[in-house]
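Here's the structure we're looking at; comments come further down.
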Amino acid sequence: MGEKNRGSYKGTVKFLRFIPTVLRSDELIDKSLKKAAKIEEPYDKIFENRVRKENIDRIATAESVAAPYLQRLVKRFPSIEKLHPFYEDFIELKFGVDNYKKALNNVNWASEKLVSLATENINELKKARKPFQMVEIRKKYYGRFCSVIEHISDDLLLLGQCRDFLRKLPEIDPLLPTYIIAGMPNVGKSSLLNTLTMNNFKTASYPFTTQTVFTGFMEEDGVRVQLIDTPGILDRPMAERNELERRSILSLKDIKGVILFLMDHSGTSGYTVEQQEKLYLEIKDTFHKKIYRVQTKIDISTRVEDIAISNVNKEGLEELRNFIFIHAGEMIDTGY
Ligand SMILES: Nc1nc2c(ncn2[C@@H]2O[C@H](COP(=O)(O)OP(=O)(O)O)[C@@H](O)[C@H]2O)c(=O)[nH]1
Ligand SMILES: [Mg+2]
(Lines give C-alpha, C1' and ligand atoms only; values in the text may rest on other atoms or scores of the structure.)
(Ligands and ions follow the chains in the order given, each with its own letter.)
Protein backbone atom coordinates (compact mmCIF):
# COMPACT_ATOMS: atom_id res chain seq x y z
CA MET A 1 0.00 0.00 0.00
CA GLY A 2 1.29 3.42 -0.87
CA GLU A 3 1.91 5.97 1.82
CA LYS A 4 -1.04 8.19 2.43
CA ASN A 5 -1.43 11.32 4.41
CA ARG A 6 -2.78 10.03 7.71
CA GLY A 7 -4.46 13.29 8.60
CA SER A 8 -6.97 12.90 5.80
CA TYR A 9 -8.82 9.82 7.07
CA LYS A 10 -10.68 11.53 9.85
CA GLY A 11 -14.16 10.17 10.14
CA THR A 12 -13.82 7.18 7.87
CA VAL A 13 -14.42 4.70 10.67
CA LYS A 14 -17.83 6.07 11.50
CA PHE A 15 -18.51 6.82 7.86
CA LEU A 16 -18.31 3.12 7.00
CA ARG A 17 -21.30 2.38 9.20
CA PHE A 18 -23.62 4.76 7.38
CA ILE A 19 -23.49 3.60 3.82
CA PRO A 20 -27.07 3.33 2.56
CA THR A 21 -28.49 0.02 1.36
CA VAL A 22 -27.66 -0.79 -2.21
CA LEU A 23 -30.56 -1.70 -4.49
CA ARG A 24 -30.16 -4.41 -7.10
CA SER A 25 -30.51 -3.25 -10.68
CA ASP A 26 -34.00 -4.76 -11.04
CA GLU A 27 -35.13 -3.07 -7.84
CA LEU A 28 -33.84 0.29 -8.98
CA ILE A 29 -35.49 -0.05 -12.40
CA ASP A 30 -38.72 -1.09 -10.76
CA LYS A 31 -38.70 1.74 -8.29
CA SER A 32 -37.95 4.38 -10.93
CA LEU A 33 -40.39 3.20 -13.58
CA LYS A 34 -43.19 2.66 -11.08
CA LYS A 35 -42.91 6.23 -9.96
CA ALA A 36 -42.76 7.41 -13.58
CA ALA A 37 -45.85 5.38 -14.47
CA LYS A 38 -47.88 7.19 -11.84
CA ILE A 39 -47.47 10.49 -13.67
CA GLU A 40 -50.64 11.58 -15.40
CA GLU A 41 -51.31 15.00 -16.78
CA PRO A 42 -54.64 16.74 -16.38
CA TYR A 43 -56.92 17.30 -19.33
CA ASP A 44 -55.62 19.76 -21.88
CA LYS A 45 -57.67 21.13 -24.75
CA ILE A 46 -54.79 20.32 -27.03
CA PHE A 47 -54.31 16.59 -26.87
CA GLU A 48 -50.70 16.69 -28.20
CA ASN A 49 -49.67 19.04 -25.40
CA ARG A 50 -50.96 16.72 -22.77
CA VAL A 51 -49.23 13.67 -24.28
CA ARG A 52 -45.98 15.58 -24.70
CA LYS A 53 -45.98 16.86 -21.15
CA GLU A 54 -46.85 13.50 -19.72
CA ASN A 55 -44.06 11.70 -21.52
CA ILE A 56 -41.50 14.38 -20.70
CA ASP A 57 -42.49 14.14 -17.05
CA ARG A 58 -42.20 10.38 -17.08
CA ILE A 59 -38.68 10.53 -18.46
CA ALA A 60 -37.71 13.23 -15.99
CA THR A 61 -39.18 11.26 -13.11
CA ALA A 62 -37.43 7.98 -13.95
CA GLU A 63 -34.18 9.88 -14.27
CA SER A 64 -34.72 11.83 -11.07
CA VAL A 65 -35.19 8.67 -9.04
CA ALA A 66 -32.28 6.67 -10.40
CA ALA A 67 -29.52 9.16 -11.19
CA PRO A 68 -29.35 10.95 -7.81
CA TYR A 69 -29.59 7.59 -6.06
CA LEU A 70 -26.54 6.30 -7.93
CA GLN A 71 -24.74 9.57 -7.35
CA ARG A 72 -25.42 9.28 -3.64
CA LEU A 73 -23.95 5.80 -3.59
CA VAL A 74 -20.77 7.07 -5.19
CA LYS A 75 -20.52 9.77 -2.57
CA ARG A 76 -21.28 7.59 0.41
CA PHE A 77 -18.84 4.80 -0.38
CA PRO A 78 -15.39 5.93 0.68
CA SER A 79 -12.99 6.35 -2.19
CA ILE A 80 -9.90 4.21 -1.82
CA GLU A 81 -7.80 7.35 -1.64
CA LYS A 82 -9.63 8.42 1.50
CA LEU A 83 -9.74 5.01 3.10
CA HIS A 84 -7.23 4.17 5.79
CA PRO A 85 -4.84 1.36 4.73
CA PHE A 86 -6.19 -0.78 7.58
CA TYR A 87 -9.60 -0.88 5.88
CA GLU A 88 -8.17 -0.86 2.38
CA ASP A 89 -6.38 -4.13 3.17
CA PHE A 90 -9.70 -5.78 4.00
CA ILE A 91 -11.33 -4.54 0.81
CA GLU A 92 -8.38 -5.83 -1.14
CA LEU A 93 -8.65 -9.25 0.50
CA LYS A 94 -12.39 -9.54 0.14
CA PHE A 95 -13.18 -7.91 -3.21
CA GLY A 96 -9.99 -6.57 -4.74
CA VAL A 97 -9.38 -2.84 -4.64
CA ASP A 98 -9.52 -2.62 -8.44
CA ASN A 99 -12.95 -4.21 -8.56
CA TYR A 100 -14.16 -1.84 -5.89
CA LYS A 101 -12.86 1.19 -7.79
CA LYS A 102 -14.28 -0.12 -11.05
CA ALA A 103 -17.70 -0.62 -9.48
CA LEU A 104 -17.78 2.95 -8.20
CA ASN A 105 -16.61 4.30 -11.55
CA ASN A 106 -19.26 2.34 -13.39
CA VAL A 107 -22.00 3.52 -11.08
CA ASN A 108 -20.84 7.07 -11.57
CA TRP A 109 -20.84 6.55 -15.33
CA ALA A 110 -24.39 5.16 -15.23
CA SER A 111 -25.66 8.08 -13.23
CA GLU A 112 -24.25 10.57 -15.71
CA LYS A 113 -25.46 8.53 -18.65
CA LEU A 114 -29.04 8.50 -17.34
CA VAL A 115 -29.00 12.28 -17.10
CA SER A 116 -27.62 12.86 -20.57
CA LEU A 117 -30.02 10.33 -22.10
CA ALA A 118 -32.93 12.03 -20.41
CA THR A 119 -31.88 15.45 -21.71
CA GLU A 120 -31.46 14.05 -25.20
CA ASN A 121 -34.83 12.35 -25.27
CA ILE A 122 -36.69 15.23 -23.70
CA ASN A 123 -35.29 17.54 -26.39
CA GLU A 124 -36.46 15.10 -29.02
CA LEU A 125 -39.87 14.96 -27.43
CA LYS A 126 -40.19 18.71 -27.50
CA LYS A 127 -39.78 18.61 -31.25
CA ALA A 128 -42.02 15.63 -31.89
CA ARG A 129 -45.38 16.36 -33.50
CA LYS A 130 -47.46 13.23 -33.34
CA PRO A 131 -48.58 11.69 -30.04
CA PHE A 132 -47.53 8.21 -31.15
CA GLN A 133 -43.99 9.53 -31.80
CA MET A 134 -43.91 11.00 -28.33
CA VAL A 135 -44.82 7.69 -26.78
CA GLU A 136 -42.15 5.99 -28.92
CA ILE A 137 -39.47 8.37 -27.70
CA ARG A 138 -40.41 7.81 -24.10
CA LYS A 139 -40.37 4.04 -24.61
CA LYS A 140 -36.98 4.31 -26.26
CA TYR A 141 -35.74 6.17 -23.20
CA TYR A 142 -37.11 3.48 -20.91
CA GLY A 143 -35.29 0.85 -22.95
CA ARG A 144 -31.98 2.62 -22.72
CA PHE A 145 -32.61 3.51 -19.10
CA CYS A 146 -33.00 -0.17 -18.28
CA SER A 147 -29.98 -1.27 -20.25
CA VAL A 148 -27.74 1.33 -18.57
CA ILE A 149 -28.82 0.11 -15.15
CA GLU A 150 -28.61 -3.55 -16.12
CA HIS A 151 -25.13 -2.85 -17.36
CA ILE A 152 -24.05 -2.06 -13.80
CA SER A 153 -25.94 -4.88 -12.11
CA ASP A 154 -22.75 -6.71 -11.07
CA ASP A 155 -21.28 -3.47 -9.75
CA LEU A 156 -24.36 -2.85 -7.64
CA LEU A 157 -24.22 -6.39 -6.29
CA LEU A 158 -20.57 -5.96 -5.40
CA LEU A 159 -21.23 -2.65 -3.65
CA GLY A 160 -24.11 -4.23 -1.76
CA GLN A 161 -21.84 -6.97 -0.46
CA CYS A 162 -19.20 -4.40 0.25
CA ARG A 163 -21.56 -2.34 2.36
CA ASP A 164 -22.53 -5.34 4.46
CA PHE A 165 -18.88 -6.25 4.87
CA LEU A 166 -17.72 -2.75 5.80
CA ARG A 167 -20.44 -2.34 8.39
CA LYS A 168 -19.28 -5.44 10.20
CA LEU A 169 -15.61 -4.53 10.38
CA PRO A 170 -14.40 -4.08 13.93
CA GLU A 171 -14.73 -0.56 15.19
CA ILE A 172 -11.02 0.04 15.42
CA ASP A 173 -9.92 3.61 14.96
CA PRO A 174 -6.62 3.34 13.08
CA LEU A 175 -5.77 6.93 13.94
CA LEU A 176 -5.85 6.68 17.70
CA PRO A 177 -2.71 5.77 19.62
CA THR A 178 -3.28 2.08 20.12
CA TYR A 179 -1.97 -0.69 22.32
CA ILE A 180 -2.42 -4.11 20.83
CA ILE A 181 -2.39 -6.68 23.60
CA ALA A 182 -0.61 -9.89 22.64
CA GLY A 183 0.62 -13.00 24.41
CA MET A 184 -0.10 -16.70 24.73
CA PRO A 185 -3.51 -17.86 25.96
CA ASN A 186 -4.22 -17.55 29.70
CA VAL A 187 -1.45 -15.08 30.43
CA GLY A 188 -3.98 -12.45 31.49
CA LYS A 189 -4.77 -10.40 28.36
CA SER A 190 -8.51 -10.14 28.88
CA SER A 191 -8.11 -9.49 32.59
CA LEU A 192 -5.78 -6.61 31.83
CA LEU A 193 -8.14 -5.10 29.28
CA ASN A 194 -10.97 -5.34 31.79
CA THR A 195 -8.94 -3.66 34.47
CA LEU A 196 -7.56 -0.86 32.32
CA THR A 197 -10.84 0.02 30.62
CA MET A 198 -12.95 -0.64 33.71
CA ASN A 199 -14.93 -3.27 31.81
CA ASN A 200 -15.88 -0.84 29.11
CA PHE A 201 -15.12 -2.48 25.78
CA LYS A 202 -16.75 -3.65 22.58
CA THR A 203 -16.44 -6.91 20.75
CA ALA A 204 -16.38 -7.47 17.02
CA SER A 205 -15.46 -10.35 14.78
CA TYR A 206 -12.13 -10.04 13.09
CA PRO A 207 -12.45 -10.47 9.31
CA PHE A 208 -11.32 -13.74 7.71
CA THR A 209 -10.74 -15.36 11.08
CA THR A 210 -13.12 -17.10 13.42
CA GLN A 211 -11.89 -14.80 16.17
CA THR A 212 -13.32 -11.89 18.06
CA VAL A 213 -11.45 -8.75 18.99
CA PHE A 214 -12.18 -6.60 22.00
CA THR A 215 -11.61 -2.88 21.79
CA GLY A 216 -11.69 -0.49 24.69
CA PHE A 217 -10.51 3.01 25.51
CA MET A 218 -8.69 4.85 28.23
CA GLU A 219 -8.81 8.59 28.58
CA GLU A 220 -6.80 11.05 30.62
CA ASP A 221 -6.28 14.79 30.26
CA GLY A 222 -7.90 14.72 26.84
CA VAL A 223 -5.65 11.96 25.55
CA ARG A 224 -7.59 9.02 24.25
CA VAL A 225 -5.93 5.65 23.92
CA GLN A 226 -7.29 2.57 22.24
CA LEU A 227 -6.65 -0.93 23.53
CA ILE A 228 -7.21 -4.05 21.49
CA ASP A 229 -7.32 -7.53 22.94
CA THR A 230 -6.81 -10.08 20.20
CA PRO A 231 -7.55 -13.54 21.60
CA GLY A 232 -6.85 -16.24 19.07
CA ILE A 233 -5.12 -13.72 16.81
CA LEU A 234 -1.83 -12.73 18.38
CA ASP A 235 -1.58 -15.70 20.69
CA ARG A 236 -0.28 -18.40 18.41
CA PRO A 237 2.27 -18.74 15.63
CA MET A 238 1.39 -17.33 12.21
CA ALA A 239 2.52 -20.57 10.59
CA GLU A 240 -0.62 -22.25 11.89
CA ARG A 241 -2.80 -19.99 9.79
CA ASN A 242 -4.06 -19.98 6.25
CA GLU A 243 -3.02 -17.26 3.84
CA LEU A 244 -6.18 -15.19 4.09
CA GLU A 245 -6.08 -15.24 7.88
CA ARG A 246 -2.41 -14.27 7.85
CA ARG A 247 -2.95 -11.36 5.55
CA SER A 248 -5.95 -10.19 7.49
CA ILE A 249 -4.00 -10.26 10.74
CA LEU A 250 -1.14 -8.42 9.08
CA SER A 251 -3.51 -5.47 8.50
CA LEU A 252 -2.96 -4.68 12.17
CA LYS A 253 0.42 -3.32 11.12
CA ASP A 254 -1.38 -0.34 9.55
CA ILE A 255 -2.74 0.79 12.88
CA LYS A 256 -0.95 3.58 14.62
CA GLY A 257 0.29 1.85 17.70
CA VAL A 258 2.52 -0.45 19.63
CA ILE A 259 2.24 -3.92 21.04
CA LEU A 260 2.04 -4.85 24.71
CA PHE A 261 3.33 -8.37 24.93
CA LEU A 262 2.19 -10.09 28.10
CA MET A 263 4.51 -12.62 29.70
CA ASP A 264 3.38 -14.96 32.40
CA HIS A 265 6.26 -16.31 34.49
CA SER A 266 4.01 -17.97 37.06
CA GLY A 267 3.68 -21.21 35.15
CA THR A 268 -0.10 -21.15 35.52
CA SER A 269 -0.91 -20.28 31.91
CA GLY A 270 0.06 -23.72 30.69
CA TYR A 271 2.80 -22.32 28.46
CA THR A 272 6.50 -22.31 29.17
CA VAL A 273 8.62 -19.20 29.11
CA GLU A 274 10.36 -20.60 26.00
CA GLN A 275 7.05 -20.91 24.15
CA GLN A 276 6.20 -17.35 25.11
CA GLU A 277 9.62 -16.06 24.01
CA LYS A 278 9.18 -17.73 20.67
CA LEU A 279 5.86 -16.01 20.07
CA TYR A 280 7.37 -12.74 21.26
CA LEU A 281 10.10 -12.93 18.62
CA GLU A 282 7.67 -13.89 15.93
CA ILE A 283 5.36 -10.98 16.65
CA LYS A 284 8.30 -8.61 16.90
CA ASP A 285 9.58 -9.73 13.50
CA THR A 286 6.18 -9.79 11.84
CA PHE A 287 4.82 -6.41 12.78
CA HIS A 288 7.82 -4.12 12.92
CA LYS A 289 6.14 -2.23 15.70
CA LYS A 290 7.49 -1.18 19.04
CA ILE A 291 6.82 -4.00 21.40
CA TYR A 292 6.83 -3.68 25.18
CA ARG A 293 6.94 -6.65 27.50
CA VAL A 294 4.59 -6.69 30.45
CA GLN A 295 4.90 -9.37 33.08
CA THR A 296 1.54 -10.48 34.48
CA LYS A 297 0.53 -12.27 37.67
CA ILE A 298 3.33 -10.92 39.83
CA ASP A 299 1.20 -11.78 42.83
CA ILE A 300 2.22 -15.37 42.13
CA SER A 301 5.59 -14.97 40.38
CA THR A 302 8.88 -13.17 40.92
CA ARG A 303 9.50 -10.01 39.03
CA VAL A 304 11.79 -10.39 36.01
CA GLU A 305 10.48 -7.81 33.56
CA ASP A 306 10.76 -4.01 33.77
CA ILE A 307 7.04 -3.62 33.64
CA ALA A 308 5.19 -6.02 35.88
CA ILE A 309 1.60 -6.09 37.07
CA SER A 310 -0.98 -8.12 38.87
CA ASN A 311 -4.65 -8.03 38.00
CA VAL A 312 -5.34 -9.61 41.35
CA ASN A 313 -3.62 -7.34 43.87
CA LYS A 314 -3.37 -4.40 41.42
CA GLU A 315 0.37 -4.08 41.89
CA GLY A 316 2.10 -2.17 39.08
CA LEU A 317 -1.14 -1.10 37.40
CA GLU A 318 -0.75 2.58 38.20
CA GLU A 319 2.76 2.54 36.71
CA LEU A 320 1.46 0.77 33.62
CA ARG A 321 -1.28 3.35 33.20
CA ASN A 322 1.26 6.14 33.37
CA PHE A 323 3.50 4.32 30.94
CA ILE A 324 0.59 3.96 28.52
CA PHE A 325 -0.24 7.66 28.55
CA ILE A 326 3.36 8.82 28.32
CA HIS A 327 3.93 6.66 25.25
CA ALA A 328 0.57 7.63 23.76
CA GLY A 329 1.80 11.21 23.84
CA GLU A 330 4.94 10.12 22.03
CA MET A 331 2.90 8.28 19.42
CA ILE A 332 0.87 11.42 18.79
CA ASP A 333 3.97 13.60 18.56
CA THR A 334 5.94 11.33 16.26
CA GLY A 335 3.08 10.05 14.15
CA TYR A 336 3.70 6.56 15.46
N1 LIG B 1 -2.97 -14.74 40.06
C2 LIG B 1 -3.31 -14.05 38.96
N3 LIG B 1 -4.15 -14.59 38.07
C4 LIG B 1 -4.47 -13.87 36.97
C5 LIG B 1 -3.96 -12.59 36.76
N6 LIG B 1 -4.45 -12.12 35.56
C7 LIG B 1 -5.24 -13.09 35.09
N8 LIG B 1 -5.26 -14.15 35.92
C9 LIG B 1 -6.00 -15.40 35.72
O10 LIG B 1 -5.42 -16.09 34.63
C11 LIG B 1 -6.44 -16.75 33.87
C12 LIG B 1 -6.38 -16.29 32.42
O13 LIG B 1 -6.65 -14.90 32.35
P14 LIG B 1 -7.22 -14.22 31.05
O15 LIG B 1 -7.26 -12.78 31.31
O16 LIG B 1 -8.47 -14.88 30.62
O17 LIG B 1 -6.06 -14.58 30.02
P18 LIG B 1 -6.05 -14.45 28.43
O19 LIG B 1 -6.38 -15.79 27.88
O20 LIG B 1 -4.65 -14.06 28.11
O21 LIG B 1 -7.05 -13.40 28.06
C22 LIG B 1 -7.75 -16.40 34.53
O23 LIG B 1 -8.11 -17.47 35.37
C24 LIG B 1 -7.43 -15.16 35.36
O25 LIG B 1 -8.23 -15.04 36.49
C26 LIG B 1 -3.05 -12.04 37.73
O27 LIG B 1 -2.55 -10.91 37.61
N28 LIG B 1 -2.78 -12.82 38.80
MG1 LIG C 1 -8.67 -13.66 26.71
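The values are calculated or read from the model by the stated rules, or taken from the named source; none is laboratory data. Here the structure is a predicted model, which means the values were calculated and not measured. Don't worry about glycine lacking a Cβ; one is built from the backbone with ideal geometry, like all the others, and counts go over all protein chains shown.
Taken over the range 40-81, the criterion of being among the hydrophobic types (A, V, I, L, M, F, W, C) and assigned to a loop (DSSP other than H, G, I, E, B) is satisfied by I46, F77.
Of the numbered criteria (1) modelled with pLDDT of 95 or more; (2) more than 23 Å from the chain's Cα centre (by Cα), the one D235 fails is (1). Residues in the range 154-198 that are within 11 Å of ligand 2 (Cβ to nearest atom) and not small (G, A, S): I181, M184, P185, N186, V187, K189, L192, L193, N194.
Looking only at the range 82-93, decide whether some residue is assigned by TED's automatic domain parsing to the domain that holds I149, part of a loop (DSSP other than H, G, I, E, B) and touching a residue at least 24 places away in the same chain (Cβ under 8 Å). Yes, the range 82-93 contains a residue that is assigned by TED's automatic domain parsing to the domain that holds I149, part of a loop (DSSP other than H, G, I, E, B) and touching a residue at least 24 places away in the same chain (Cβ under 8 Å). Beta carbons closer than 6 Å, at least 6 apart along the sequence or on distinct chains, pair a first residue in the range 214-242 that is under 29 Å from G270 (Cα atoms) with a second that is in a loop (DSSP other than H, G, I, E, B) and within 13 Å of ligand 2 (Cβ to nearest atom) for G232/Q211; I233/Q211; D235/M184; D235/P185.
Residues that are surrounded by fewer than 21 Cβ atoms within 10 Å (Cβ to Cβ) and in a loop (DSSP other than H, G, I, E, B) were ranked within the range 208-232; the one that is nearest to ligand 2 (Cβ to nearest atom) is P231. Across the range 295-336, what is the number of residues that are more than 16 Å from ligand 1 (Cβ to nearest atom), farther than 24 Å from G267 by Cα and without any contact (Cβ under 8 Å) to a residue 60 or more places away in the chain? The total comes to 6.
Just the residues that are in contact (Cβ under 8 Å) with a residue 60 or more places away in the chain and not in a helix (DSSP H, G or I), please, taken from the range 94-119. Hit for the range 94-119 is F95, nothing else.
Checking each residue in the range 20-40 for being of a type in the set (V, I, T), in contact (Cβ under 8 Å) with a residue 40 or more places away in the chain and farther than 19 Å from D164 by Cβ picks out only I29.
Within the range 49-88, the set of residues being at pLDDT 95 or above and hydroxyl-bearing (S, T, Y) comprises T61, S64, Y69. Within the range 171-182, being out of contact with any Lys or Arg (no Cβ under 8 Å at 6 or more places or on another chain) and closer than 18 Å to T210 by Cα holds for one residue alone: I172. The set of residues in the range 267-300 that are of a type outside the set (S, T, Y), closer than 19 Å to G188 by Cβ and in a helix (DSSP H, G or I) comprises V273, E274, Q275, Q276, E277, K278, L279, I283. Taking the range 185-207 on its own, how many of its residues are farther than 28 Å from F165 by Cα, surrounded by 19 or more Cβ atoms within 10 Å (Cβ to Cβ) and more than 14 Å from ligand 1 (Cβ to nearest atom)? Residues flagged as farther than 28 Å from F165 by Cα, surrounded by 19 or more Cβ atoms within 10 Å (Cβ to Cβ) and more than 14 Å from ligand 1 (Cβ to nearest atom) within the range 185-207 amount to 0. Residues that are within 30 Å of E243 (Cβ to Cβ) and crowded, with 18+ Cβ neighbours inside 10 Å within the range 52-79 comprise F77, P78, listed in sequence order.
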